[in-house]
1. Take the Cβ-Cβ distance between Arg458 and Arg149 as r, set R0 to 51 Å, and report the resulting FRET efficiency rounded to the nearest 0.05.
2. Which one, Ala480, Leu494, Gly391, projects farthest toward the positive side of the charge dipole computed for region 361-504 from Cβ point charges (K/R +1, D/E -1)?
3. Tell me which residues come under 5 Å, amide H to amide H, from Asn365 once H is placed; ignore anything under 5 positions away on its chain.
4. Rank these residues by their accessible area, most exposed first, probe 1.4 Å: Ser47, Ser393.
5. Only residues of region 405-447 count here: report those whose backbone N is under 16 Å from the spot 7 Å along Cα→Cβ of Lys301, or say none.
6. Would you mind giving the three semi-axes, in whole Å and largest first, of the ellipsoid equivalent to region 354-504 according to its Cα gyration tensor?
7. Quote the charge dipole size of region 164-245 about the Cα centre in Debye, to the nearest 20; the model charges only the Cβ of Lys and Arg (+1) and of Asp and Glu (-1).
8. Looking at the chain only, what percent of DSSP beta bridges run antiparallel? Nearest 5 please.
Amino acid sequence: MKSKAYLEEIRSTAGLKRAVLKKIEVRGNTAVFCLATDLKYGEEDASHALSVTARYVPAGLTAEVKIVKSVPDAEGIRRAVLDFLKNNFPAVAAFVLPDDVEVIIESGGGHFIVGIGDTERKIATDAVLDQLTAHLMRDFPGVWYGEFRIVKKEKGEIETEELPPEERLLAPRFFKIEEFVAIDGGTPRTALYLADLNREERDVTVCGVITYIEEKLTKKEKPYFSITISDGTAQVRFYYFTKKATLEKVRGLKSGDSVCITGDHELYNGMLNFRAKQINFGRAPLNFVPEARPSRPVPPKYKTVFPAPASDFVQGGLFEDRSTPEVLKGREFVVFDLETTGLNNTPSSGGMDRIIEIGAVKIRNGQICEKFSSFVACPVKLPAEIIDLTGISDDMLLGAPDIKDVIADFFKFAAGSTLVGHNVQFDYKFVRYYGEKEGYVFNQKQYDTVTFSQEMLRLSNYKLNTVAEHFGFTFNHHRAYDDAFVTAKIFLALVKQKNGLPRF
């Protein structure tokens, strides 16, 4: 989608003249465009937005528009400035503290001033400022501009040795592609680890084993494929639209085949999506062992969240001792779920959404044995839709521990275990981001019960409540611990049904 042209048309009406596109969600056959404006808008503006959007939606999808009133505050802009510098210009961010960013809110936007020391003026260039300003203009209604201002800083005020550990840990990793055979053209030689596919990338190649593939048809009866691949570090789901010359070859692909995909990892206002352009055969080196990242050691003791014993009173019916699959014996799995302030789980779009609740259960030897559950302090007001969805209110988070302490305790709880989740990559990106901010690197293998359910079941959809209903499990949906607990039960049921672990 040509977002610039789209927004130019959207902004041609008075109530939306400073609107921004916050995100795009696909729900079934409906593409929901979420717009934010700081101006008063009416039915005429909404009708105009829907008419414009309908012309930009891909064939086969119906357009829907949601408009929210959004008036940026100084603290939100300050966080956006700091996060953008940290994730895009760490050398500048190393010398900028929160108190160094001044934000002045004005009618229809505002401006910001970033204070830097005299010795940093060479790296704080106009190009950095231009990208920062453009970023704010994309994410916040109104007109924004800024400046770097030289301020006096005491020598040693910021020590480079105190850089957050993630600045040293996030260099992308690659492996060599072997046994390449062309289907769709191109000659990629290396593939990016899927675990490191977390920023916007153009013409990036990833390589992995197909764990799910399904042919579908657009409304115009054109075939396309929904594919999931895994390389042992993470997995990615994407759509591939075939060409006449490649259709039959791609139809011949199946789960277990190793392929390399070249495409664009694109950001649509908070949501990163992989758009496949070429698909070919190729695999990782034999006996591929992912390169480990250094991490702080596991904390010696829990600080704020203390695990407690847990059990499922019906799990004996799932697994009698003699029928417990061998693949579960002597192994631990941590099944987890999060509640967050929104869907933005990548720093590429600016401010990450926040974790407000973590829930997890531990499975040992095929039995649910331990639980981990905590609210997380949130310094910003919760969006109304999150309160409605989860039932979590601002008052419920008062007195909750800070994310830096909760994530350290969760790192200890998950140490040595395989992670499991329903659409696990969504939640994993949150814990990875907040863990690495504190120097804790989550690099465990992950199993996704969405993909596992697709492998084992034939359902109308694979939402958590649909899969739970298939097995007769009831639960309080959209609360982290309850979702984690029922996901654990689903995982155990699927393992028993297969008598094995899911493909990874």
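1. Working: r = 62 Å, r/R0 = 1.21.
The formula returns an efficiency of 0.25 here.
2. Of the listed residues, the answer is Leu494.
3. Gly330, Arg331
4. Values: Ser47 75, Ser393 35 Å².
So, going from the largest accessible area down, we get Ser47, Ser393.
5. From region 405-447, the list is 409, 412-413.
6. Working: eigenvalues 141, 73, 34 Å².
One finds semi-axes of 27, 19, 13 Å for region 354-504.
7. Working: 13 positive and 13 negative charges, 77 e Å.
Its charge dipole is roughly 380 debye.
8. Working: 69 of 92 bridges.
The antiparallel proportion sits near 75 percent.
The values are calculated or read from the model by the stated rules, or taken from the named source; none is laboratory data. Model, not experiment: these values are computed from the prediction. Cβ: placed from backbone, ideal geometry, glycine included. Neighbour counts: every protein chain shown. Calculation scope for accessible area: heavy atoms of the full protein, side chains included, ligands and nucleic acids excluded. Shrake-Rupley method; radii C 1.70, N 1.55, O 1.52, S 1.80 Å.
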